[in-house]
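**Student:** Have a look at this one.
Coordinate-derived values only; no laboratory data. All of these numbers come straight from a predicted model, not from anything done at the bench. Positions of Cβ are generated from backbone atoms using ideal geometry, with glycine treated the same way; all protein chains shown enter the neighbour counts.
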Amino acid sequence: MNIPFNRPFLTGKEAHYMYQAVYTGKLSGNGSFTKRCQNFFEKQYGFKKALLTTSCTDALEMCAILSDVHPGDEVIVPSYTFVSSALAFVRQGAKIVFADSMASNPNIDPEKLESLITPKTKVIVPVHYAGVACNMDRIMEIANRHNILVVEDAAQAIDSYYKDRPLGSIGHMSAFSFHETKNIISGEGGLLAINDERFIRRSEIIWEKGTNRSEFFRGEVNKYGWVDTGSSFLPSEVIAAFLWAQLENMEMIQNQRKAIWNKYYNGLSDLEKREIIKLPDVPAYATNNAHMFYIICRSLEERTALIKFLKDNGILSVFHYLSLHLSDYYTSHYNDIPNLPQCDRYANCLVRLPMYYELKNEEVQYIIDNINLFFS
Ligand SMILES: *Cc1c(COP(=O)(O)O)cnc(C)c1O
């Protein structure tokens, strides 16, 4: 067997829609495929405004601009996350304050949040790791009490929920990713979702290079020009056309991934009962969008040995984030390096198993058998 870690799934309609976009002669952004995708997100998840972006990183950069983050401001980010969750705010001059994860799953621990807040705190960035919701009631309550904005990093969280509320619809704004490693893909791609109406007008301007071009095309102003900061954050129609093919098949994609996830969970639950590994924790307030299947080993040595054992048997499993608070960038820019034991535990002990639409039942079984064999 030779099982890769990820294989991007194509529904079969992508090239067809891209061909349509190309031959209707509207190639730049904000055309009919872009509008179709954005309408889909607004209807399906109740976002007040949805704007396609060229990546989740770009959507997060837009959030940093919209949050009016300036040098001297502080932004609280979990350390166990992708670089972009912090980087987008660093580019606006923010000081990043890293938070620890919960013991039960890698999401930010709301109980440790309050002690990190200072008068300079402007934004909290909860990251829904593996598409499983953070404790949003607690986070929103703390943020609102201190008058802090909440930007959800929902990169992995498409079509997942917190107490029946779609992830990405709870914070003031949020960012999704359609990178080829995510559930719904467009190669590179992302989405900015705005939930607080105060930010809608400015989001369109920042999206369109600091101009009020969107208002002009709607006939709301009779000329357009440079009115604010911004960049070229919008993707071309060719990318939006690709994405549309995926969105049409979202339910099929999600159901298949959930079936794979459940097979892993059942096949490995005996190891968890015997307290040899830990399986993903999905709290009662959260749903599972099967973005990722991970297990947590007891030590770094054990994890290293497991990854090697699986590799020797043709299975590519991978560890995930390195603690950002221990990164070269952070340690060379900051003096006060925090102690975040849970984050370090996930950095050392978590391993992700192959997870993609076309992963066959026999392959999942083969992976389960090999993991059971390793620990026997
Ligand atoms: C994938 C990911 C990103 C970055 O997404 P891009 O679309 O590649 O910019 C940011 N945050 C998290 C948590 C991610 O998983």
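**Student:** Using the Cα centre of the range 90-213 as the reference point, and only Cβ charges (+1 on K/R, -1 on D/E), how large is the resulting charge dipole? Debye, rounded to the nearest 20.
**Tutor:** 540
**Student:** Now for a separate question. Using Cα atoms only, what is the angle between the long axis of helix 14-23 and the major principal axis of the chain, expressed in degrees (0 to 90) to the nearest 10?
**Tutor:** Compared with the principal axis, the helix lies near 20 degrees.
**Student:** Rounded to whole Å, give me the distance from the Cα center of the range 90-163 to that of the range 16-58.
**Tutor:** 28
**Student:** Once phi is turned into θ = phi - 60°, what whole-Hz ³J(HN,Hα) does the Karplus curve with 6.51, -1.76 and 1.60 give for every residue of the range 129-135, x standing for Gly and Pro?
**Tutor:** 5, 6, x, 9, 4, 6, 6
**Student:** With an 8 Å cut-off on Cα pairs and a minimum separation of 6 or more residues, tell me the relative contact order of the range 84-185 in percent.
**Tutor:** That works out to 20 percent.
**Student:** Can I ask one more? Please name whichever of PHE216, SER203, ALA240 sits farthest to the positive end of the charge dipole of the chain, dipole taken about the Cα centre and charges placed at Cβ: Lys and Arg +1, Asp and Glu -1.
**Tutor:** Of the candidates, PHE216 comes out farthest on the positive side.
**Student:** Could you grab the relative contact order for the range 14-248? Cα pairs under 8 Å, six or more apart, rounded to a whole percent.
**Tutor:** Reported relative contact order: 27 percent.
**Student:** Using the Cα centre of the chain as the reference point, and only Cβ charges (+1 on K/R, -1 on D/E), how large is the resulting charge dipole? Debye, rounded to the nearest 20.
**Tutor:** 540
**Student:** Also, quick follow-up: Using the crude model of +1 on Lys and Arg Cβ and -1 on Asp and Glu Cβ, and no other charge, please compute the dipole size for the range 236-376 relative to its Cα centre, in debye to 20.
**Tutor:** I would put it at about 300 debye.
**Student:** Would you mind checking the tilt of helix 56-66 against the longest principal axis of the Cα atoms of the chain, expressed as 0 to 90 degrees and rounded to 10?
**Tutor:** 50
**Student:** Within the range 190-210, what residues put their amide N at less than 20 Å from the label point 7 Å along the Cα-to-Cβ vector of ASN147?
**Tutor:** Answer for this model: 196-199.
**Student:** Give, in nm to one decimal, the length gained when the segment between ASN339 and ASP196 is fully stretched (0.36 nm per residue of separation minus the Cα-Cα distance).
**Tutor:** 48.1 nm
**Student:** If you rank LYS95, LYS122 by fewest surrounding Cβ atoms within 10 Å, what's the result?
**Tutor:** LYS95, LYS122
**Student:** Taking the inverse of the average 1/r across all pairs of different Cα atoms in the range 14-248, what Kirkwood radius in Å do you get?
**Tutor:** After inverting the mean inverse Cα-Cα distance, the result is 17.9 Å.
**Student:** While we're here: Of LEU310, HIS16, SER84, which is farthest along the charge dipole of the chain in the positive direction, counting Lys and Arg as +1 and Asp and Glu as -1 at C-beta?
**Tutor:** Result: HIS16.
**Student:** At q = 0.15, 0.21, 0.25 Å⁻¹, what is the base-10 log of I(q)/I(0) for the range 280-376 according to the Debye formula with one equal point scatterer per Cα and no solvent? Please give it to two decimals.
**Tutor:** The Debye formula, applied to the Cα set alone, gives -0.73, -1.12, -1.31.
**Student:** Could you work out the relative contact order of the range 293-376? I mean the mean sequence separation of Cα pairs under 8 Å and 6+ apart, divided by the number of residues, in percent.
**Tutor:** 46 percent.
**Student:** Same structure, new question: I need the phi-derived Karplus couplings for the range 98-108: 6.51 cos²θ - 1.76 cosθ + 1.60, θ = phi - 60°, integer Hz, Gly and Pro marked x.
**Tutor:** 8, 10, 8, 8, 6, 6, 7, 7, x, 5, 4
**Student:** How much mean residue ellipticity at 222 nm does the chain get from its helices, if each DSSP H run of length 4 or more adds -39500 (n - 2.57) and you divide by all residues, to the nearest 500 deg cm²/dmol?
**Tutor:** -11500 deg cm²/dmol
**Student:** Tell me the angle of helix 237-247 to the major Cα principal axis of the chain, expressed in degrees between 0 and 90 and rounded to the nearest ten.
**Tutor:** 50
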